[in-house]
1. If each residue's Cβ is checked for other Cβ atoms within 10 Å, how do 90, 45 rank with the fewest at the top?
2. What distance in nm lies between label points placed 7 Å from Cα along the C-beta direction at residue 18 and residue 117?
3. Could you give the length gained by full extension between residue 36 and residue 189, i.e. 0.36 nm per residue of separation minus their alpha carbon distance, to one decimal place?
4. Rounded to whole Å, give me the distance from the Cα center of the stretch 101-153 to that of the stretch 1-74.
5. Within a 10 angstrom radius of the beta carbon, how do 155, 43 rank from fewest other beta carbons to most?
6. Using Cα pairs under 8 angstrom and six or more residues apart, how large is the relative contact order of the chain, in percent?
7. Going by how many other beta carbons lie within 10 Å of each one, how would you line up 148, 34, fewest first?
8. Which residue fluctuates most in the GNM of the chain (Cα springs below 10 Å): 103, 16, 179?
Ligand SMILES: C[S@@+](CC[C@H](N)C(=O)[O-])C[C@H]1O[C@@H](n2cnc3c(N)ncnc32)[C@H](O)[C@@H]1O
């Protein structure tokens, strides 16, 4: 686990819900629609403070992970409000201790902009997902437009010490990890997106 990255997210945990209030208001409905497709044994990757738990159908068997202990401690409080089994634990998506083909669904939001090696993380996700299982992702990505994409590259460089990568080519990363994208839906330009993928 990369201590520098963990510390950065630990530091963000206390104020995370306050600073993401706008994102929740604007995009919560899209997440609810996406995560309503979760079924069977579910893993939530990089759960943060657990803001997304409310978007999952009741009655599921969910394991939520995050590599930041401070995020996990906040998420554990929100997990108490979930009507089903929801266990929250500290784990790094780039090095999961679950056996191959353990989950029917893996769900995640605003994660692969932050994971230090996104392809390694997505390969681990694919390993623990059952063949026939579903990957559900809500992500912001690098714009395809030449000018906007270049601006995002500059912004990503300028903010690389402090926050998530603004210029991740997440669709390419999903494919590089071996997944087949079955749905790619643009929410805001081609920057905020939903992805569904399978083995
Ligand atoms: C932008 S926050 C998103 C949190 C949550 N998914 C949400 O949308 O509210 C990114 C989260 O990814 C977690 N994270 C980053 N890299 C990770 C890794 N390698 N393994 C597990 N969690 C990671 C951070 O600790 C942080 O909680």
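1. On the way: 90 15, 45 25.
Least to most surrounded, the residues fall as 90, 45.
2. 3.6
3. So the extension gain works out to 52.7 nm.
4. 14
5. 155, 43
6. Numbers: 381 pairs, mean separation 35.7, N = 199.
Once normalised by length, the contact order is 18 percent.
7. 148, 34
8. Top of the fluctuation ranking is 16.
No value in this document is a laboratory result; all are computed from the given coordinates. Quick caveat: nothing in here was measured; it's all calculated off a predicted structure. No Cβ is skipped: glycine too gets one built from the backbone with ideal geometry, and neighbour counts run over all protein chains shown.
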